[in-house]
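Pasting in a structure now, in C-alpha cells, and then I'll have a few things to ask.
The values are calculated or read from the model by the stated rules, or taken from the named source; none is laboratory data. No experiment lies behind these values; they were computed from the predicted model shown. Note: ideal-geometry Cβ built from the backbone for every residue, glycine included; neighbour counts use all protein chains shown. Heavy atoms of the whole protein, side chains included, go into the accessibility calculation; ligands, DNA and RNA do not. Shrake-Rupley method; radii C 1.70, N 1.55, O 1.52, S 1.80 Å.
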Amino acid sequence: YNIRVINLSLGHPVFEPAATDPMVQAVEAAVRAGITVVSSAGNFGTNPTTGQVGYAGISSPGNAPSAITVGAIDTRGTLSAFSSRGPTWYDGFAKPDLVAPGHRIVALADPTSTLFATYPGFRVTSPTTGATDYLRLSGTSMAAPVVAATVAAMQQVNIEMGYYGGSYGARPYLTPNAVKAIL
C-alpha cells in the first residue's frame, strides 16, 4: 500500500520494558519496514492527587525508541499540564521527541461514535459549512496527527524535489530515522 507514516493516537500505561512490550515491538517492526511511526506521549503530565508535575508518564507505544513521540503544547507555546513527560518508565528513554499544538484542537468527528455522543459540550459547528460533526479536544492524541501530517508533507516534498532521484539510484522516500533527525 506504500504507507510511509502511521499515526498512533492511542496508548496504555507502561507495564514492561520496551524490549518485551508487544505494542513497542509492532512499532519497531513498522520502522524497520520503512514506515515512520508517530505516537502520542500520553496525558499523564500531572499527578491527579497533588496537581504536581509528573515524570516518567510516557505511555506505550510512545516509549518505543524508534517512534516519534509527541507531547502537546497549548496555543501560547507552553507545555500543556496534561502532556506526559519522560524519561520513559523502565528504560529511561528521553521522550517526548517533540511537541505540537494539542490544546483545544477542532477536528472532524464521527457523529455515531461514543465520544461524540458522550460529550455534546465538545461539539463545534463549522463556521463555513454549518456542519455539526466536529469536536474540540485536547491531548497528545490531537498533537500527534499534526506531526504525522508534517511527516507526510515532508515525504511528498522530498519526492517532488527529487532529492533521492537522479543517477544515485537511492530510494525515493526519507527513512524513518532521517525524518526523526530532520524534525
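Can you give the accessible area per residue of the stretch 41-183, in Å², using a 1.4 Å probe?
Dividing the accessible area of the stretch 41-183 by its residue count gives 55 Å².
For every other residue with a beta carbon closer than 14 angstrom to the beta carbon of ALA153, add +1 if it is Lys or Arg and -1 if Asp or Glu, then tell me the sum.
That sum, taken over residues with Cβ under 14 Å, equals 0.
Please report the accessible area of LEU10 (heavy atoms, 1.4 Å probe, ligands and nucleic acids excluded) in Å², nearest 10.
Only protein atoms counted, so the area is about 80 Å².
With each pseudo-label sitting 7 Å past Cα toward Cβ, what's the SER113-ALA81 distance in nm, one decimal?
Label-label distance for SER113 and ALA81, simple model: 2.5 nm.
Can you tally the net charge around ALA18? Count Lys and Arg as +1, Asp and Glu as -1, for every other residue whose Cβ sits under 9 Å from the Cβ of ALA18.
-4
Tell me what the chain gives for mean residue ellipticity at 222 nm when only DSSP H runs of n ≥ 4 count, each as -39,500 (n - 2.57), the sum divided by the residue total, rounded to 500 deg cm²/dmol.
It lands at -7500 deg cm²/dmol.
If you restrict to DSSP beta bridges whose two residues both lie in the chain, what percentage is antiparallel, to the nearest 5?
Given both bridge residues lie in the chain, the antiparallel proportion sits at roughly 45 percent.
Using the Cα gyration tensor of the stretch 118-164, with a ≥ b ≥ c the square roots of its eigenvalues, what is the shape: rounded (a/c below 1.5), prolate (a/b larger than b/c) or oblate (neither)?
Verdict is oblate for the stretch 118-164.
Moving to a separate point now. Throw me the Rg/Rh for the chain, computed over C-alpha atoms with Kirkwood Rh, two decimals.
Checking Rg against Rh, the ratio lands at 1.02.
Got a sec? What order do GLU16, GLU160, GLU28 fall in by accessible area at 1.4 Å, biggest, i.e. largest, first?
GLU160, GLU16, GLU28
What does the charge count near PHE116 come to, summing +1 for each Lys or Arg and -1 for each Asp or Glu among other residues with Cβ under 13 Å from its Cβ?
0
Additional query: With the cut-off at 1.5 for a/c, could you classify the stretch 42-84 from its C-alpha gyration tensor as rounded, prolate or oblate?
Note, shape of the stretch 42-84 comes out oblate.
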